[in-house]
Structures are given as structure tokens and as C-alpha cells.
Amino acid sequence: MDPVVAIAHAPGADAGSLLDRALELAGFHAAMAERVAQALSARGACSAVVVPAMDAFAADSPAAADPALVERLLDVLFDLGVTDAVVGSTRATAALWLENRDVFVAADLLGYRYETPAGRPYEVVDLAEEVRGDVFPAWGALAGTPLSGAWLDADLRLVVAANRTDEDDGYALCLSTLLSVLPLTDKDYHYRYRRDAGEVTAELLAAAPPHFAVVDAVVSAHGAAGGRAPHALRTDTVIAASDAALADYIGALKMGLDPFVSPLAAPSLRAARPAAGTRILGPLEAWPGWINVEPGMLAAAAARRGFVTADRALRPALQQVDRELFPFRHPANDWMNRTFAPLAGAGDGGADGARLVAAVNLLLGEAERAGTTWGVLFDKDALRRRETRLNIDPAAVTDAEYDALAADLSIQAELLRGVAADARGLRWRFDDGAVLFDGARRFPVPFDAFAGAVPIHRAIQFMNDYAGGRALATGLDAEGRVVRQLERNLYLPQPNYTAVGGGMVIDVTKIETVEYAPRRQRMFWKTVKSENGSAVVDDGIVTFEALGEDTLVTIWGRQQFRLPPLWAALDRELAPDVKRALVADAYHRFLDRTFANLEAAAEGRDVRLGRSWSDASEGEPLPVEQAAELLKRLPSDGRFDLAGAVKALLRPQPGSAPQPVRIDADGFRHFEAAPAAVPSPLGTAMSGALEDLRHAAWVDAGAQS
Amino acid sequence: MKALVTGANGLIGANLVRELVRGGHEVTGLVRPGAALSVLEGLPLRLAVGDVLAPDSLAGAVAGQEVVFHTAVAFSYWGHAPDDLATTATDGSLNVLAAAAAAGVRRVVMTSSSVTLGASYRPEVRDEDARAEDDPGESAYVLAKIAQERAAREAAERLGIEVVFACPTMSVGAFANRLGPSNGVVTSYLADPFRLTWAGGCNIASVRDVAAGHVLLARRGEPGACYVLGGENLTWRDIHSTVARLAGAPPPAAQASAVGCYALAVAEEARARLTGRPPLATRAQARMVGRYYWYSHARAAALGYAPRPARAALADAVAWLSASSHVSRETRAGMRLSREVHAARLARQTEERALLQGAPA
């Protein structure tokens, strides 16, 4: 079937007839009937799973697909011969901070009746249950993530989106709804912060795509605040498409948006861009009176998303919620929501509130940038590790490319012959803007022990400032050792100080080969791609070889990284000595720390920098829970009474006027007797500290005399 | 001999267990319920679960033993309330002595501390005849150890049991479930971005020698006597410089004043309270700046105690710590271990393998 998308629009028409019209235009019946017939013929049964948008926080919210329309679609499926049709979803992030977000309860509260208009019963299923592994490729962003067996096995998979604007992506349609197929609860944490939402969606779409997609745009949710404070607008339309990405593409056009504004949808849209043979049926004019999230606000929301803790703390505070249906689980969130959500959703179409939120978002984004820069420079283990996918097709790399690697790089390594090593053993020179360098270190560890503890095919992952990536072995030798590999590496900005001027994470994808000999192992790598353009070249060779009872490790490299504009604006050629000093310093540091990492890896240490992400379905504890835990811990410590300290600070100071407890008929003012002086905990602590300081000063005086 | 080691999973306890096993003795280790036991993994010993503060839990462990080594006490300047330290030290010791007496154990070797002998503001060496004053300004740990020794001495006389007091100095080395103040001397210097040293000094001993010293005292120690189990007396600058050389880290860059150390300790404690991670130094430790914790182990040496040089003790400690989580990844990335450290690690690994295989080293 050629890709097709149909837009059924009829002012005043009921939802059911709009759906029927859209499905008819899109050739739904013919396409699905064929699939149903195949299933019935093969198994005598045909199953369907419909995944509707359920990201609503009030009954009848336009941010969710209309349950009546979904039930109508179920009837259509039953009419086609489907024997078992269910509505499927999973718990999402809001389930962590709201009650009643369990799939079954939420479905009930949003209006699902478990019976179609034609009286056919259907089930609501939680797609986080009965999941299966090995669904996604090992080199992908979703490697290791399980997926619902019901979704995978369904003969018909359908997604029904609401038609709404979105603060994160500009719009949220079928692809956004599709994320509710994924099993982990904190979807923001796992599929937006931790992984790239676009990569996640594209992989999900590739692994188990819906067979048909519907956008319920009968009553839409528009407005500058997106789903956070949805505003209903009657648009009298249903869109049906043979492809979820195509439905989103057209849906975004109808909003008057560049469809690629959505980071979640963009990678999938590139693959589904309308091409020859695609049929687009129906009007493409933008909805009259439609209000989008402004581009600046999208950018501000993206900035805040980078600050994971702040983003997780703010979302519950800003979301408009019917708290009768969905009470807050934590009183602090309830209080914050009562205080801030009305402000954040205020104004025409939520515009005033959205601007206020955007300003806060930008501030938080800047704070995050400053924090990240601090982390790169001074506290690398406070940074979060990077998770990503391999961004080249393993099948596209030829044997010839692997085979040529060692010879290509070995001849380049020769170019350092004759270059004198400096006092710290570094040799280097410039070559076409790149730096050729090498350095060696002898470790007093027997070769077999060293090579056994440090697998050479992982050598790049032990290098200084390696922040994450993904490797895929593409060839093994007879002993099961990796001899060919593809690898994507992310490193902190190089040199680290460029982080101050907006230095990028170095993102390089490499092809690699490994050679093994009894007393020598070598790994070669060559850059084939830099996703963000941060590297021109990052090729290298690492050698482990036996040297007597020791192991000698040599690292050779050819590197050229792009500097951020601020640093690039400084013409370093005007100060060649400074440039040489900076280069030498950078490579001394790189080699020293890389060799230290290799030594530590040989000890069995984990040398990866940064904090790992939680694998728990709920992610990390919510910030409000962490804050409550911290407050609980402080006063219980026994040595620091926070409440007492606060009370001591608030206690009337000596000399402040006492307040009368009574004024009698004669005008005399009566006071309570002053309490006996009891040393406060703060006073005792201060007096102890002063005594300690006096003693310390005495020690210092003695040491100097 | 048949021996019970209380606190068998502590720094001294774990090394003492190894020393006893190596000597062919029959060892029972007393550990608290739920205690981390990774440092005892694979060793041929009987584990008894109990608590020195729960007298009823001790009888089974003590029964049939010839010697009890009582090492179980919290050595800490952070994370323990002063009353808890005192209770564990005093009540715990009294409970162990009572259980030992009831079981007919003739001898208890009790791990005290050289800090009970006091310290000096001058570089002078103290021996077992010196005493620390009951200065309320002393840290809770020091006061607890003084009280422990006093109470144990009285109880031993009353119960008619031989008690020998082992007074280890700053004992560094391998097999620590948690990072105590002794090994903390090494890690805090390596983690200090300012590379500070300070006035005063300390006696550094290998915890392996301290363990061997305990066994020696069980055999030859005079009842009621204290024995310093020390190593070498060094200034803090020498200690830090040695650690730096062994770990391939920069040498001390400056000597911090006592006032500066106190201010840093206050800041570190504040950071620790906020982050939940232990401080690099505490105010209790800062109050020790300028003092010389220097001791003579001549009395133990007369029995045959022969500790290794401090440098060898520190090399073994660096070898253990550099591979542990007690040294952060970032700190480790700035280190380059000396050949001595690698050799110490290899030697320990070889010994450990032999021990686990049940063969004499």
C-alpha cells in the first residue's frame, strides 16, 4: 500500500462520521481487511491493540483522544473481523506525582467504558506487563529495552493521537503517543533525559510500527502552554494515515508548524518525508485561530530539560490538574501546584503564563550550563553519563575499509620518527591542522595480567574524559576476541577549558580493528563520522606489548577537534609559542590521565566518569522526595538541631522590646517574668568553635616561634 | 590456639584473622548481624554472629576459646554519636570480658589505642608510661578509649582474667570494609586539591604488623600491661611526601595553619552534612594539628615485635586503596603508582591466594 494520509474535515460533524470518512479516504478498510484475513486464515483469530493518547489531567480534556472515538474505532475493527481488540497504554511520568494514573483507573476516569457503542466488550491492558526482550538492535538507543508482547504480537497495531500543541516538541501527535507503548514508568527520565527522544521514537517505530494512525482533531488542544494548560478549540477534523510519522507530518502542517520543529519526531519524519506515490487527501490549510507554542518558548523548555532535577521538580508544579480526579501524591507538590500552575497557565491561550515559564526556563537552562561547565572543569563525576546509539549502519562498512586500517594508520605513525620526545615523553607535531602525537608508559605489571584485565578492544573507553558511547563488535577471532568493531565515543569538551565558551561534547564514530600476538596487542581506529561536527579527525593506535616482566603501552593519535566560536575567534597563529604550549599541555594531560586510567582498569576499577542513570522504572527519586528525605535527616542527626537553630535565630534579641501580656484598667502594662538564661544549642556550638579557634591560633603561634 | 576475634571484619580484625590463619590457628570471627563480610570472603574461619553490646550473643562464640582478641570498637571521628562510641568501647569490652571469664578463657588481648598515651606539642616520643589526660576537649573517640582501658582493667581484676592491652598507632593497610581515619590519612591527602600538610606528626604502622603484634601479645604479653604496636615516627610533611611519591601525586605544596585546618574542617563537615558523603577532615581531627603522636614500641620489640618501615606500610596501603572505592575516580586519574606499590600489591595478592588455598605463604 502506498503511503496515504487523509484529512476529513466537516464543520459541525460528529466525531464518528469524521472518523468513518477519514478511514474511508485513507483506504483503511481495504488495507486492514487484508491483514485481518491473513490472521484469521493463519490462526483463526485476529488481535488488535489500539494505543490512544491518555496524557490528560481532566475528564473531557482535549489533550487526550476522545474515548468515544476510540471505542468507535474498536467497532470498526470488530466489523472487519478482528476477534480480540484492546486498548493499551502504560503508566507515565505523571504517575509518580499523581494518584489514579494507573492505566486502568486513568482509563476509567477519562471515560473508557469497556464496551463499544455497538455493545462489544473490550479490555484495557497495561503494556508494561508481559514484555519481551531482544526487540531492539544491540547498537541502538533502546538496546536491552523490553517491549510489550501484546503490542509486538498484535495483528493490527493502531495509534490514536489527540491534536495538541506541546511545550517540549511544539506538537504532540501520533509519535508522541507511541512512546506510551514503552514499558518504563518515568518516560521523561528514560526516554527524554537519558536518551535522545528522537532516536528512541525512530527505533520504536522501526521495531514495531503501528499499521495505522489516527489523529483526533475534532476538538483540539492548542495554546502557548501546550498540554500543560490545554485550551480547547473545535477543529472538526480527523486525520487518518497509513504511517504514524506521516500523520504527524501533516498534523504539524495543519498547525502551521515546520514538522521538524519536534526533536522527538524529526528523525522519524526524515524517513517518512512524503515522496512519490504518497497520497495526501483533504485540506492542508492551517486551523483558523490556532495558537502554537512560540519558538522561543520551545527553546527555553529545551534549556530547562537539560537541568534534569529542576525539570522533574517543576513539571508537577506547572501542570493544570483536576485534583478531584488526580490528587497529588506529595503535599509539597500539591502546594506548589496550587501556587504556580494558575500563574503558569494564565493569559489568552496561556500566553502570559507561558512567557513567565519561558523566562524561568531560560534561567534554569543557564544555571544548568554553568553547572555543567563547573562539572567539566572541577567535578566530572557530578556529570551524568551519556547514553547514545551507534549512528552508522554496520552493514555499510566494507571489509576493505577494515582491512586498510592498519596500513593507513601505521604509515602516519611513522611521521613522528625523528621528533624528539619532551621531558615527559611526549612527541608531537602539526599535520594539516591536526596534531600527531604519541607517548608511552611502562607498567610494572606482567603483560598477560595487564592484557587480561584491560581488554584492548575497550582501550578507547579508558581514555581521558570518555563520557559514554556505544560499541558493536562486528568480527571475532577463533578465540572469541574482538578483531573488528564499530564504536561511537563521546568525550567531554577538549581542552576542558573550552567548556567556558560553549565547547561541544566531542562526538566521534570510528571503525576499528584489533591484532593479537603472544606478546603484543594492537588496536587501530579511524574516524568515519562526527555527528555534531565536533571532530575533523580522531584516529589512533594503542599498543600493549611485553617488555621484560612489565607491560609497555603506547598511544599514537592524530586529532583535530573544532573549537567553539568564542575560542575559534582567537587567532592562535598570532601567538605560536602560546599555541604550542597549550597543545603540549593538553596532550601531557591526556596521556597522563589516560595511562592512569589504564593502570586503574588493570586494578579492576571502573574508570568511567560521571553519574550513571538509574535503571529503575521510576528513575531516581523525585526532587520533592529527595528534599523531604534531606530535611528528615538534618534534625535527626543528633548534632545539629535545625529546628532549634532556626528558633534560636528567631528568638527576640537582647534589648528588643518585650510585649505586655495584659494592660489593666489603669493602663499598667504587665509582663511575664523573663525565663532563666539557658544556653542555646547554637550558642554552645559557637562558644566551642571560638575555643577551638583560640586553641588553633595558640598552636600556630607555637609552630612559628 | 583456638581464638575468637571480635570485630573480625574491621581493619585490624580482618588482618588479625589472616595472621592467625596463616599461623595455623583455629579462628572464630565475631561479626554483627548484617555486617559486610567481603574482606573475610574465602578465609578458613568460623563466623559467629553477635554483638558485643548484646551479652547473650557472646556466650556461644566465646565457648571453647583459648584466647579472645577484642578488636570490636568504632574508630571514627565522624558519623558516630559520642555516647555510642563510649558505650561500644566500655560496655562492649565489659561484656566480652564477662563472657570470656564465664567461658573459662584465660587471656584476652584488648585492642586499645596509642592515643590513650596522649600526645605532645613537642616532637618527643612517648611510651606506655605516659597517660593522656581526661581532657573534655579531647575527641569522643579518645575519651572512649581511655574509658575502655580503665573499665577493662578494673573488670579484669574483678573477674580474675588476664588482659593484655594492644595500643596500635596509626595503622594503615588492606582489608577495610569502611574507610577509617587511619587509611583516611592517605586518601584525604590524595583527594586534597591544595596538597596541604600541617604541623605535628604521627606514628605510622602497617596493620599487618599490628595484627602480628596482637598474636605476639597473646603469647608473650604481660597481663595488665599496655604495648604500643607502632611503626615509624614521622612528621605529617614526611607522611604526605611519602604518600605523594608512592602514588605519583604532587608533593605537599604548603603547610596549613591550625586555624586554616579548623576552618577547612568546618567547611568539610558542612559539605558532608549536605551531600551525605563523609568529610575529608573533621573538627576533631583538626584539633590534633600541631601535636606529635609519636610513640616507642620498645616494650613490644622486646617480645619480638619487628614492624616494617613506614614507607612499606604506606606502599601496601596505597596499593589497596588505589584500587578501592575509597579513592575517587578523579583522584585515581591523577595518580601514577610507583613500582614499590605495584610490588606490594603483587606480594599481597600472592599471599592472599596462598591463604585462600589453605597453603602457608
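FYI, it's all coordinate maths here, none of it is from the lab. As the structure is a computational prediction, the values presented were derived from the model and not from experiment. Here the Cβ is made from the backbone with ideal geometry for all residues, glycine too, and neighbour counts use every protein chain on show.
Overview of results
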quantity: Helix-only mean residue ellipticity at 222 nm for chain B, each DSSP H run of n ≥ 4 adding -39500 (n - 2.57), per residue, nearest 500; calculated: -13500 deg cm²/dmol
quantity: Average partner coverage of A:690-699, which counts Cβ from other chains inside 10 Å; calculated: 6
quantity: Three-way shape label, segment A:439-556, alpha-carbon gyration tensor, a/c 1.5; calculated: oblate
quantity: Evaluated over chain B, the Cα radius of gyration and Dmax, each in Å; calculated: 19.4, 56
quantity: Phi to ³J(HN,Hα) by Karplus 6.51 cos²θ - 1.76 cosθ + 1.60 over segment A:213-219, Hz, x for Gly, Pro; calculated: 9, 10, 10, 7, 10, 5, 10
quantity: Set of lysines near A:Lys632 by C-alpha distance (under 18 Å), chain-local residues within fewer than 8 positions excluded; calculated: A:Lys647
quantity: When the convex hull of its Cα atoms is projected in every direction, mean area for segment A:4-288 (nm²); calculated: 13.8
quantity: For residues of B:289-295, the mean tally of beta carbons on other chains within 10 Å; calculated: 2
quantity: Per-q log10 I(q)/I(0), segment A:238-290, q = 0.28, 0.29 Å⁻¹ (Debye; single scatterer per alpha-carbon; no solvent); calculated: -1.23, -1.28
quantity: Projected label distance in nm at A:Arg273 and B:Asp56, using a 7 Å step from Cα toward the beta-carbon; calculated: 7.8
quantity: Antiparallel bridge percentage (DSSP; both residues within chain A; nearest 5); calculated: 75
quantity: Charge context of B:Trp294, other residues only, Cβ under 9 angstrom, K/R +1, D/E -1; calculated: 0
quantity: Pair B:Thr275, A:Ala421: separation of 7 Å Cα→Cβ label points (nm); calculated: 3.6
quantity: Packing rank of A:64-75, A:2-13, where each peptide gets the mean count of other beta carbons within 10 Å, highest leading; calculated: A:64-75, A:2-13
quantity: Estimated 222 nm signal from helices in chain A, with DSSP H stretches of n ≥ 4 weighted -39500 (n - 2.57), rounded to 500; calculated: -11000 deg cm²/dmol
quantity: Packing-based ranking, highest mean first, of A:219-230, A:456-467 given that Cβ atoms within 10 Å are counted; calculated: A:219-230, A:456-467
quantity: Tail beyond 21 Å, pair distance distribution of segment A:394-602 (Cα, percent); calculated: 54
quantity: Estimated dipole of segment A:394-602 in Debye, rounded to 20 [Cβ of Lys and Arg +1, of Asp and Glu -1, Cα centre]; calculated: 320
quantity: Radius of gyration, Dmax [chain A; alpha carbons; angstrom]; calculated: 31.5, 108
quantity: Peptide B:258-266 - average C-beta neighbours from other chains (10 Å radius); calculated: 4
quantity: Leading residue at positive end of dipole, segment A:477-542 (Cβ point charges), from A:Gln521, A:Val483, A:Ala535; calculated: A:Gln521
quantity: Span-rule helices in chain B, defined as complete DSSP H runs reaching 24 Å or more along the axis (Cα) with Kyte mean at least -1.0; calculated: B:82-102, B:140-159, B:258-275, B:339-356
quantity: Whichever lysines have a C-alpha closer than 24 Å to that of A:Lys526, once near sequence neighbours (fewer than 8 apart) are set aside; calculated: A:Lys510
quantity: Cβ crowding within 10 Å averaged over residues, with B:166-175, A:468-477, A:82-91 ranked highest first; calculated: B:166-175, A:82-91, A:468-477
quantity: Karplus 3J(HN,Hα) series, Hz, for segment A:6-19 with 6.51 cos²θ - 1.76 cosθ + 1.60 (x for Gly, Pro); calculated: 10, 10, 9, 10, 8, x, x, 6, 7, 4, x, 6, 5, 5
